[in-house]
Amino acid sequence: MEKIKVLMVLGNTKMGGTQAFILNLLRNIDHKRFQVDIAVNNEVENGVGDDFRALGCNLYFWPYFKVYNYSSFTSFWKKFFKEHSYDIIHAHSTNSASVYLKIAKEAGIVTIAHSHSAGYRGNQGQQFIKRFFAKKVGEVADYWFACSDKAAERLYGNDYMSYPRYYAIPNAINAEKYIYDTEAALKIRKEIGVDSDAFLCGHVGTFSVPKNHAFLMEIFSQVLKIKPGARLVCCGAGDLMPSVKEKAKALGILDKIIFPGVVKNCNEFMMAMDVFVFPSIFEGFPVSVIEAESTGVQVVMSDVITKEVDMTNLIHRHSLNDTPAEWAKTICNLPKVDRQAYNVPIAKSKYNMRTSISQISSLYEEMAIHKK
């Protein structure tokens, strides 16, 4: 049987929620049935380009859309689709998708827009441009995907609720990898120089504005007033890391924080944490919260995040208007729980990739049939 050819388009190969979702999908999809290739803006440091290649993907690079390069941008995609044949294009980078999906559709390719975020990054001007082009995505995408209701509303407005080809696609994980393991937790603590009995706060995320690391530093400074021996581990990389470190230095807490960069054993780092702190300004669907719950770690996060992540009683919400001291009080007074038990509801849910992959595979097959 001829393989169904899918092109996934994303902004870059820097590890984040979208990239993690795609890697999980690729690790579970039937490669005898599907050929999935990746098109990215650029391959950056700490990227996962090699991981994509190892999973059988061809990797292509497309020019970043800057409005003024509209002509060269469209020329690139027209040439690309003349030279490469696909059944489906799955757009994870949606800010310019109204442009390249239109070209793909004209080439006879089934088009998918997939919203992973509830907001827009950049300054006011950049956000205005992104909103302008994003509004047109629904007109050219045959199928509308989103990881949450908030992410769907951001890209499609309220129309998604009545659109016949809208599908909620959960940011699923390989839940079995996140079953709490004491030995793994102690191993990580030893590697990063944290005592086995120290109170360890943690965060996983790209160092970017939405993740709100500056506020996280303020929260942790208040945690130290309650638990002087506490430590904080911040996994991830990004442009704002230097300024976050400067903030920590100004608060006099830099020596209490570990910055391991992008880690591929995120599951083990979460096992090592006593609490996962996540004060994001906005999120589409933070898969890291589901990962954290799967390891049984308590989660203290902002109340702007979709309630679709509330899979367990480990979730504790705070307003971003609450003081860092109020956040710290909650963080430092959480009860101990049986951590292994919390993996069960996640493993049985739609957020386990083994369940989710059947939905995605069936949709791809349906699209390929309609294309013919």
Any aspartates and glutamates whose Cα falls less than 20 Å from that of LYS3, other than same-chain ones fewer than 8 residues away, would be ASP30, ASP37, GLU83, ASP87, GLU365, GLU366
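So which of LYS66/LYS177; LYS135/LYS371; LYS66/LYS350; LYS14/LYS245 end up more than 32 Å apart by C-alpha? Show your work: numbers first, answer last.
Details: LYS66/LYS177 40 Å; LYS135/LYS371 25 Å; LYS66/LYS350 37 Å; LYS14/LYS245 20 Å.
Exceeds cut-off: LYS66/LYS177; LYS66/LYS350.
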The simple spin-label model distance between TYR166 and GLN340, using points 7 Å out along Cα→Cβ, in nm, is 4.2
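Can you give the extra length, in nm with one decimal, that the chain gains between ARG33 and MET311 once fully stretched, where that is 0.36 nm per residue apart less the Cα-Cα distance? Could you put the intermediate results ahead of the total?
Details: separation 278, 0.36 × 278 = 100.08 nm, distance 3.23 nm.
96.8 nm is the gain from fully extending ARG33 to MET311.
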So the FRET efficiency between LYS66 and LYS225, C-beta based with R0 = 51 Å and rounded to 0.05, is 0.65
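Assign one of three labels to the range 175-347, namely rounded, prolate or oblate, based on the Cα gyration tensor with a ≥ b ≥ c the square roots of its eigenvalues; rounded applies when a/c is under 1.5, prolate when it is not and a/b is larger than b/c, and oblate otherwise. Could the numbers behind the result be given before it?
Values: a/c = 1.39, a/b = 1.18, b/c = 1.17.
It comes out rounded by the Cα gyration axes.
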So ILE258 and VAL304, fully extended at 0.36 nm per residue minus their Cα-Cα distance, gain in nm 13.9 nm
Restricting to aspartates and glutamates and to Cα separations under 20 Å from LYS329, and discarding same-chain partners fewer than 8 apart, the set is ASP197, GLU218, ASP274, ASP303
Candidates LEU101, LEU224, LEU216; GNM for the chain (alpha-carbon contacts under 10 Å) flags as most fluctuating LEU224
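Answer rounded, prolate or oblate for the range 172-241, using the Cα gyration tensor with square roots of eigenvalues a ≥ b ≥ c: rounded when a/c is under 1.5, else prolate when a/b is larger than b/c, else oblate. Could the numbers behind the result be given before it?
Numbers: a/c = 2.12, a/b = 1.12, b/c = 1.89.
It comes out oblate by the Cα gyration axes.
How big is the dipole moment of the range 71-116 about its Cα centre under a simple scheme where the beta carbon of each Lys and Arg is +1, that of each Asp and Glu is -1, and everything else is neutral? Debye, nearest 20, please.
Working: 5 positive and 3 negative charges, 28 e Å.
Dipole magnitude for the range 71-116 comes out near 140 debye.
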Restricting to aspartates and glutamates and to Cα separations under 14 Å from LYS79, and discarding same-chain partners fewer than 8 apart, the set is GLU106
A student applying the Cα gyration tensor rule (rounded when a/c is under 1.5; otherwise prolate if a/b is larger than b/c, oblate if not) would label the chain prolate
Scoring only Lys, Arg, Asp and Glu (+1, +1, -1, -1) among other residues with Cβ under 14 Å from the Cβ of ILE253 yields +4
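The numbers here are math on the coordinates, done by the rules we state, and not lab data. For clarity, every value in this text was computed on a predicted model and none was experimentally measured. With ideal geometry, Cβ positions are generated from the backbone for all residues, glycine too; neighbour counts draw on all protein chains shown.
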